[in-house]
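Chemist: This structure is in structure tokens; I'll ask about it shortly.
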Amino acid sequence: MKTILQLIIIFALITNFTLAQRAKIVTEAVTPHKLTTLGITTNSVSSGLDIVPNKTYVYLSALNIGNNEPILTATFTLLTKPSGSITQIEIINPTWVQFVPDLKGTYTVGLSITTASGSHDTTKTIISSNYVGVGNFEGIPTVYPNCMTCHQNHPEFVEIFNRWKVSSHGITLKKNITTGPASFGNNCFKCHTTGTDHNIAAANNGFDDVAAQLGWVWQGPPNTGKWDTLKTQYQGLVQHATIGCEMCHGPGSEHTQGGSAAKIQITPLSGTCGQCHDLPWRYNKYAQWENSLHSEALWSNSFAQGTASQNNNLQNCIRCHDGQGFINFTKGQITNTTGWTSARQTKITCATCHDPHGNSNPGSLRYTPAGSDTLANGYMYTEGGTGQFCFNCHKGRRDNVRYTLTQVTSVHWGPHYSVQADVLLGKNAAEFGSPYLSGNHKFAVNNSCLGCHMAATPDTGNVNRDKVGGHTFALYNPETNYYHVKNCVPCHGANKTKWDDFMATFDHDANGVIESIPKELDGLTKLLRIALPPAGIDSVSWQLIRDLNDHGIRKAYFNYRMIDSDGSKGMHNPMFVFDVLTKSILAIGGVIPVQLVSFNAVITGTAVELNWITATETNNHGFEVQRNTSGSWSTVAFINGKGTTTESNNYSYVDDLGHNPPSGVIKYRLKQIDFDGSFEYSKEIEVEFESIKSYSISQNYPNPFNPSTTINYSLPYESNIKISVYNITGQLVKELVKGTQQAGNHSIIFSTSDIGSSLSSGVYFYSIEASAVNGDRSFRQTRKMVLLK
């Protein structure tokens, strides 16, 4: 009995400790933009570091990280400060304060908070320093206390220094005063040098202070001799004439006094970048990041995985939910989260993705370890371009085969919540005997994720600026109901302004209406929910799925969680998501009619070639092919169906319109007929025959492509024609067409699978040579295309 009471007391103490309020002092980054938006009148920008330039403001806020109770009172106190300092805490609002260190040295700030359930105290140390300069920059030897005086003796720092000195950060001032714009002036130095006042006047040995001591004065405009003059006549200024170490790690004068690691800071916080990259409209990357989900740190106690988080595999939560954890992953380093709480977590910041020291990647994106370009099921992807960097975190954590053999244990069972790469690539869904269909977005969109999600907003005054595109990675602004479809329009047409403008091919959810891709997806997802336990109602019970212990139902549930977690409303890969949901429904006893996943038409000469694909068929008698040329529909052919099957099937029909096809728009549709006589219509598609007045060859589509692309061309007369593909050195790769063809619109597919030897990624050219059979006209043209593997 005594033991039980002791356990109860211990449990109560643990519970009380877990739920108790807990104070934290946050050093706030105050960017140029925030000075305005927050109404702060100090005119002093802050990086958010605890190592601060002397005589510039520090901004502190109170946070309760112990529970969700709001702070009722927050009292800040300067507990210690350097001898002779007269600075005082100034209150901004009930939970924000500021002070300006007036002397170099250590300041200890105390905080006491009260909430409804009690109070808690904490402290924080702020170090005020002067700048010392980088050292060894531009061939000027380092002199104590320059940073490289000590760090040049450590190979790991020399490697970083060598990358940084040629990076955009390193050479920014040199570039701007030699070949920069005529507008480059004194106001630019606060962001292109180390320590120039920004904006409050502060004597702390920054670039502006050293320049004044040495007598260097900027006189524009830039020219090629300005940097040489600075180097030869003002050598003491060179080590500050760059965006050096101290702009991100804090000024170093206190650190050089004994080399204490506590007096310099290594952190991925975005405030260091925000000092200069947050001045919309021109410098707005920080504002975009603040409006992104990356800037919101999602925390769960399950992230504290202890020594298990030392593995950098997909089961390591902190690898993707913590800024420093991801940096460690890119470096092949471990992150031990033993004892972690939300107080230890950092956001996904600028430095999480970009190496501020520079490297050879686009945008200095961090390198990722060899072998990390693999999905949980082992698929090693080569698609995606630069967007592969996003795949590192935006992919499922579990394998579609082995994981579905495990028992359902909670509502979180499944592939995980961020499966965009899997869906885009059309991989890692649990299969029911046959692979799934997949679309071409992964090939058609340059750099995949980045190609769509980082498209810039149209102008500087747009109300959606900084809310979509760029580093927000968002494509929808709920405040204005604006859909950012900028990079959809080149392929899909200017009439697309929202997701519901992208129509599905077929009535996938069998509600009698062909709707948009998102609405068809919603309907089909609902049908899968109804088919899953408890079955018959629009609800899913993971407990019943667990208790039934049926492998097929687990696979369908895995797929439900996967498509639901993608978050793109089917837009990443419509063909894949419709196929996955349909086959999952059929596998557990649900009923779906014929699933038509694509239907398109291509003009070839004077004929129209129709092609369509089904993913599944149920009691399918066949398809009537119907044409509309003058306002009424007529049946031109009947193509037999496959009855009932879950296999993908390809169908085609060539509608030969003779030598003189009707000019204008011709519409086609399919009437799918079941054995019992019931039927459904597909969406309508259009082709247009125009009077062809001249030769032409269109840009191939898709471009870049892999493995195949389509080339359309037009002949105004019966012609002798040759179309050839060449590599970048002019060598013939393949002759696609050679012979005589009738006047009209034509199309040819170039596929790398038709080439005997494999082609490498790169630029290729395709050329048309045509001459009229009667000999009075000829034409030649060459276009460029890109193969991206």
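Chemist: Could you look through the range 177-191, keep only residues that are part of a loop (DSSP other than H, G, I, E, B) and out of contact with any helix residue (DSSP H, G or I) (no Cβ under 6 Å at 6 or more places or on another chain), and pick out the one that is most open to solvent (accessible area, probe 1.4 Å)?
Modeler: My answer is 183.
Chemist: Still on this structure: Considering only helices (runs of 4 or more DSSP H) fully contained in the range 368-453, which possess at least 3 residues that are open to solvent by less than 20 Å² (accessible area, probe 1.4 Å)?
Modeler: By residue number, 420-425.
Chemist: Give the residue, chosen from 561, 554, 546, that is in contact with a helix residue (DSSP H, G or I) (Cβ under 7 Å, 6 or more places away or on another chain), in contact (Cβ under 8 Å) with a residue 12 or more places away in the chain and among the basic types (Lys, Arg).
Modeler: 554
Chemist: Another question, then. Within the set of pairs 6+ apart or on separate chains, which have a first residue in the range 487-507 that is acidic (Asp, Glu) and open to solvent by less than 80 Å² (accessible area, probe 1.4 Å), a second that is at pLDDT below 95 and not in a loop (DSSP other than H, G, I, E, B), and C-beta atoms under 7 Å apart?
Modeler: The qualifying pairs are 507/680.
Chemist: Follow-up. State all residues of the range 275-327 that are aliphatic (A, V, I, L, M), open to solvent by 70 Å² or more (accessible area, probe 1.4 Å) and under 22 Å from residue 249 (Cα atoms); if no residue qualifies, say none.
Modeler: Selection gives 279 alone.
Chemist: Do you know which residues across the range 221-262 are over 36 Å from the mean Cα position of the chain (by Cα), open to solvent by 50 Å² or more (accessible area, probe 1.4 Å) and more than 20 Å from residue 175 (Cα to Cα)?
Modeler: Across the range 221-262, the qualifying residues are 257, 258.
Chemist: For the range 657-756, please list each of the strands (runs of 3 or more DSSP E) lying entirely inside it that holds at least 1 residues being under 37 Å from the mean Cα position of the chain (by Cα), at pLDDT below 90 and among the polar types (S, T, N, Q).
Modeler: Output list reads 708-715, 744-751.
Chemist: Here is a further query. Given (1) touching a residue at least 40 places away in the same chain (Cβ under 8 Å); (2) open to solvent by 60 Å² or more (accessible area, probe 1.4 Å); (3) of a type in the set (Phe, Trp, Tyr), identify the lone condition not met by residue 476.
Modeler: (1)
Chemist: Being assigned to a loop (DSSP other than H, G, I, E, B) and closer than 30 Å to residue 709 by Cα is the filter; apply it to the range 459-473 and report the residue that is most open to solvent (accessible area, probe 1.4 Å).
Modeler: Ranking the qualifying residues of the range 459-473, first place goes to 473.
Chemist: Within the range 183-198, is even one residue among the small types (Gly, Ala, Ser) and farther than 24 Å from residue 128 by Cβ?
Modeler: yes
Chemist: Something else: Please identify the pairs in which a residue from the range 737-761 that is closer than 19 Å to residue 726 by Cα and open to solvent by 80 Å² or more (accessible area, probe 1.4 Å) has its Cβ atom under 8 Å from the Cβ atom of a residue that is part of a loop (DSSP other than H, G, I, E, B) and not basic (Lys, Arg), counting only partners at least 6 apart or on another chain.
Modeler: Close Cβ pairs satisfying both conditions: 753/707.
Chemist: Within the range 53-70, can one find any residue that is touching a Gly at 6+ places or on another chain (Cβ under 6 Å), modelled with pLDDT of 95 or more, open to solvent by less than 40 Å² (accessible area, probe 1.4 Å) and under 30 Å from residue 299 (Cα atoms)?
Modeler: Within the range 53-70 (the criterion being touching a Gly at 6+ places or on another chain (Cβ under 6 Å), modelled with pLDDT of 95 or more, open to solvent by less than 40 Å² (accessible area, probe 1.4 Å) and under 30 Å from residue 299 (Cα atoms)), the answer is no, since none of the residues qualifies.
Chemist: Does residue 154 satisfy being within 28 Å of residue 85 (Cα to Cα) and open to solvent by 60 Å² or more (accessible area, probe 1.4 Å)?
Modeler: Considered against the rule, which asks whether it is within 28 Å of residue 85 (Cα to Cα) and open to solvent by 60 Å² or more (accessible area, probe 1.4 Å), residue 154 comes out as no.
Chemist: Test residue 335 against the stated conditions and say whether it is touching a Pro at 6+ places or on another chain (Cβ under 9 Å) and part of a loop (DSSP other than H, G, I, E, B).
Modeler: Answer is no for this residue.
The values are calculated or read from the model by the stated rules, or taken from the named source; none is laboratory data. It should be emphasised that the depicted structure is a prediction, and the values quoted were computed from it without experimental measurement. Positions of Cβ are backbone-derived with ideal geometry, glycine not excepted, and every protein chain shown enters the neighbour counts. Just the protein is used for accessible areas: all its heavy atoms, side chains included, with ligands, DNA and RNA removed. Shrake-Rupley method; radii C 1.70, N 1.55, O 1.52, S 1.80 Å.
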